[in-house]
Amino acid sequence: MNLKHFFSRQTINCISRFNCRILSHYRTASTITFFSSPNSPLLTPYRNPRYPKPLSFFGNFIHSAQASKPSDLGSDAENESEEDETMNEFLSRFVWIMRGKLAEVYVDYDKNTIDGMLLIIVGTVVSEMEKRGLEQMLGGAAATPSQDFSEDLWKTVWEVSNIVLDDMDKARKKEKMKAFLQSEEVKEMYRFAGEVGVRGDMLRELRFKWAREKMEETEFYQNLERLRKEDARAREEGNETVSKKSETASKEAFDSDYVVAEEKPKVVSLPKRHGKIKYKIYGLDLSDPKWAEVADKIHETGEILWPQEPKPISGKCKLVTEKIISLQEEDDPVPLLAEWVELLQPSRVDWINLLDRVKEQNTHLYLKIAEVVLSEDSFQTNMRDYSKLIDAHAKENRLQDAERILKKMNDNGILPDILTTTIMVHMYGKAGNLDRAKEAFESLKNQGFQPDMRVYNSMIMAYVNAGQPNLGETLMREMEARDIKPTNEIYMGLLQSFAQRGDINGAQRIATTMQFAGFQPTLESCTLLVEAYGQVGDCDQARNSFDHMIKAGHKPDDRCVASMIAVYEKKNLLDNALNLLLRLETDGFEPGVATYSVLVDWLGKLQLIDEAEGLLGKIAEQGETPPVKVHISLCEMYAKAGAEKKALQALGVVEAKKDELRPEEFERVITGLMDGGFLQDAERVQGLMEARGFATAERLRVSLSSAKALRSKRPTIKKF
């Protein structure tokens with residue numbers, strides 16, 4: 001909008017001369033001191049107490065008609081004061097915005113000329129407000145512009161006025177909101193929300209929401225009160241008018257010698273009822289019996305939404321409650337619970353209150369009592385009660401207890417829903433029961449549930465723990481097809497499983513998929529690749545993976561170096577292993593227990609007893625206990641060397657840790673004892689192996705039988 005079209009050059013010159021005369025005439029008057037002072041209140045949108053009352057000149061325009069009525073001034077002084085304050089704020093804001101618009105357009109004119117333009121504009125606006133009122137002026141401004149201004153100028157005045165009114169309304173609401181934010185009711189709700197766990201931005205938004213609702217409610221009732229007062233005032237004025245008319249009519253009747261009969265007031269009343277009352281709301285006949293059923297359903301729904309409070313506990317019932325809470329896990333809670341039921345006659349909310357108190361004291365006792373409570377009719381057991389208990393037992397790795405709860409649920413005719421079946425997948429996957437996990441997983445799919453990340457993760461890890469990484473990889477590909485990104489845990493689990501099985505292709509496939517998925521190679525993944533190549537004895541590929549890890553910026557740890565040394569051990573490349581260790585030691589690497597354990601095993605196979613025992617001293621210096629693998633190597637080494645005392649000592653440690661041995665480790669111990677002539681000890685270890693459920697290889701059984709037939713007693717033992 002071009003404001004230069006508002007005033008012609010001649011008009012501006014006239015305004016300049018007119019403004020100079022105005023300023024000289026009113027220079028001492030307080031009503032226009034803002035034009036002569038450079039720090040005028042018109043330069044700021046708000047009143048400043050250091051300056052005279054702004055815009056009183058325009059306020060006199062508005063109240064000039066009321067000033068001629070002294071009686072009205074006495075009765076409405078307070079209202080006029082409020083109106084003056086509101087008008088002053090409106091005109092202050094209006095002048096502030098209009099001054100900026102005029103200054104942007106008329107950059108070549110001085111301040112006095114701009115003030116003269118503002119004087120004319122504000123004077124016209126005030127006169128229009130006196131004629132039609134502010135609301136009417138703004139409502140019809142666009143359609144009926146002022147005769148003093150052009151259409152564009154009046155449109156600008158109309159827009160600025162609306163902006164000012166919006167700003168004033170926002171400021172008024174902001175001040176009211178400050179008061180309601182500090183009201184006791186809002187504070188009480190705010191404290192309650194904080195106690196139940198609401199925090200941060202949500203708590204702040206709720207506080208503003210409650211304050212806004214309280215303000216709207218207050219304004220609503222204030223408007224109702226205002227309407228009531230206006231109606232009462234209108235009735236009083238109507239009664240005064242009627243009384244005046246009746247007095248005038250009586251005088252006229254007396255003067256003309258006739259009497260007008262007094263008219264009886266018209267009485268308005270409801271018609272008499274005939275028959276049954278019919279309550280109707282918006283055309284609905286509420287006298288029908290079906291609405292009684294609706295009311296009952298609403299009442300039942302209300303009980304669900306607003307649950308009842310637990311019954312107060314006192315006297316003997318309180319003593320029984322304390323006894324229940326103080327029970328130990330091995331105690332039988334059934335007698336006390338029966339007595340508690342007889343005394344209290346509990347409902348579901350009472351049972352829940354008791355279980356919560358027990359859970360705070362003893363979690364295991366809570367699980368035991370909750371299982372007993374499932375059979376109580378007053379508890380009103382539902383599906384979610386069973387699933388909560390199953391989940392709690394599953395998290396504690398109590399598979400038998402969880403299956404017992406599941407059996408009770410099935411016996412009561414309650415079939416597992418999607419949530420319960422999901423818990424079963426997690427439970428069986430964590431316990432390594434692959435068959436039951438697969439059943440639960442298929443049950444989920446049959447119910448139409450699309451497995452989520454947690455279900456896929458549990459099922460894939462179940463396949464990994466069962467030694468079937470290929471099936472786990474199939475599920476991972478299914479996840480990718482559904483745009484579900486597998487986690488790093490899934491990738492690492494599959495990679496580890498493939499590496500332990502010596503599946504080079506599978507391990508390399510998973511490592512490549514990880515990189516495409518955005519997971520960069522880590523020390524752990526590179527170590528697993530080295531171990532995978534070590535399982536098949538591929539020294540070159542293992543060393544390439546090892547060097548690639550170093551180039552990627554990863555510093556090899558003790559486990560990674562031990563894996564690389566183990567690869568060289570399978571090919572008996574001792575020189576390569578020593579060169580690698582020397583190179584790493586120059587880079588600051590210090591061998592640990594894992595590296596020393598591999599070297600002890602290697603030297604033991606070479607029957608380098610003194611060197612192996614020297615490395616055992618290195619392990620002892622680090623304050624670590626040698627792993628069971630070292631004792632297996634020592635047992636084999638000493639048995640083959642005929643050192644009976646040391647062989648039996650190492651064998652005793654191995655037998656103490658028999659639950660940790662794998663089948664191939666049992667066979668290695670048996671073979672070493674057979675080669676050293678310790679046939680009775682070999683037979684005993686074979687019995688331990690079969691007791692663990694491992695089958696002895698046919699080759700080993702035949703060798704042991706042949707050795708027993710050839711030699712009936714132990715050989716001469718060397719003493720070390």
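The values are calculated or read from the model by the stated rules, or taken from the named source; none is laboratory data. Remember, predicted model here, so these are calculated numbers, not experimental data. Neighbour counts are summed over all protein chains in view; Cβ atoms, including those assigned to glycine, are modelled from backbone coordinates with ideal geometry. Surface areas here come from the heavy atoms of the whole protein model, side chains and all, with no ligands, DNA or RNA. Shrake-Rupley method; radii C 1.70, N 1.55, O 1.52, S 1.80 Å.
Data for the structure
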quantity	calculated
Computed label-point distance, nm, for sites V372 and E329 using a 7 Å Cα→Cβ extension	1.7
Area of Y428 that stays accessible when all protein chains are in place (1.4 Å probe, Å², to 10)	0
Descending semi-axes in whole angstrom, ellipsoid equivalent of region 313-449, from the Cα gyration tensor	32, 16, 11
Heavy-atom SASA rank of F519, F666 (probe 1.4 Å, accessible area, largest first)	F519, F666
22 Å Cα-Cα threshold exceeded, pairs from K176/K209; K555/K629; K173/K229; K297/K359	K555/K629; K173/K229; K297/K359
Residue order for F192, F379, F516 - accessible surface, 1.4 angstrom probe, largest first	F516, F192, F379
K551, K640, reordered so the largest accessible area comes first (probe 1.4 Å)	K551, K640
Solvent-accessible surface (1.4 angstrom probe) belonging to T513, in square angstrom, nearest 10	20
Whole-Hz ³J(HN,Hα) from phi, Karplus 6.51 cos²θ - 1.76 cosθ + 1.60, for region 233-241, glycine and proline x	5, 5, 5, 4, 4, x, 5, 4, 5
Solvent-accessible area of K618 with every protein chain in place, 1.4 Å probe, in Å² to the nearest 10	90
